[in-house]
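The values are calculated or read from the model by the stated rules, or taken from the named source; none is laboratory data. Predicted, not measured: the structure shown is a model, and the values here were computed from it. All Cβ positions, even for glycine, are placed from backbone atoms using ideal geometry, and neighbour counts span all protein chains on display. The area values use the complete protein model at the heavy-atom level, side chains included, leaving out ligands, DNA and RNA. Shrake-Rupley method; radii C 1.70, N 1.55, O 1.52, S 1.80 Å.
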Amino acid sequence: PRQPAKTLWYDRPRYVFLEFCVEDSTDVKVVIEEQRLVFSCKNADGVEFYNEIDLYARVNSKDSQEKRSDRSITCFMRKWKEKVAWPRITKENVKPAWLSVDFDNWRDWEGDEEVERAMVEQYAEV
């Protein structure tokens with residue numbers, strides 16, 4: 001039986017970040033489309049996780065990527081319309097139980113592009 005992974009998200013001027021909280025993930029698959037993200041993986045116990053998100057707005061799938069760590073899988077998706085804040089990650093104004101705002105990384109980002117660029121470069125180097 002599949003279950004959704006606990007997911008955190010936050011917004012930046014150029015990118016939207018999603019973190020799927022699955023420790024020791026295997027068989028990770030991330031499909032980023034213009035208006036949708038599909039995520040699946042298994043954990044060390046063989047539990048299958050599956051999340052499908054119809055996105056609030058369009059993203060550039062060619063300039064989006066994911067990075068796996070021991071604790072989670074982080075996706076960063078390039079917005080089509082930069083510097084437009086997303087009030088939510090989902091298209092519908094419904095918040096699934098497994099989805100939360102990542103308040104540790106959330107901030108009002110007026111003029112915060114340098115910080116964001118450094119974060120993306122840091123991910124790219126790993």
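Just a few scattered comments:
- Pro96 vs. criteria in contact (Cβ under 8 Å) with a residue 40 or more places away in the chain, farther than 26 Å from Gln122 by Cβ and out of contact with any helix residue (DSSP H, G or I) (no Cβ under 7 Å at 6 or more places or on another chain): yes
- Residue, most open to solvent (accessible area, probe 1.4 Å), within the stretch 1-38, restricted to residues that are basic (Lys, Arg) and either in a strand (DSSP E or B) or touching a Cys at 6+ places or on another chain (Cβ under 9 Å) (or both): Arg2
- Filter result for the condition that a residue is closer than 22 Å to Pro4 by Cα, within 11 Å of the chain's Cα centre (by Cα) and not in a loop (DSSP other than H, G, I, E, B), over Phe49, Phe76: Phe76
- Candidate set from the stretch 102-126 (those that are surrounded by 14 or more Cβ atoms within 10 Å (Cβ to Cβ) and of a type in the set (Asp, Glu)); member that is modelled with the lowest pLDDT: Glu113
- Residue match in the stretch 45-68 (condition: touching a helix residue (DSSP H, G or I) at 6+ places or on another chain (Cβ under 7 Å) and either at pLDDT below 95 or not β-branched (Val, Ile, Thr) (or both)): yes
- Scanning the stretch 85-101 for residues that are among the charged types (D, E, K, R) and modelled with pLDDT under 95 yields a total of 1.
- Residue that is nearest to the chain's Cα centre (by Cα) [pool: residues in the stretch 1-39 that are more than 28 Å from Lys81 (Cβ to Cβ) and among the polar types (S, T, N, Q)]: Ser25
- Among the residues listed as Arg58, Arg88, the single one being more than 20 Å from Thr26 (Cα to Cα), of a type in the set (Lys, Arg) and open to solvent by less than 80 Å² (accessible area, probe 1.4 Å): Arg88
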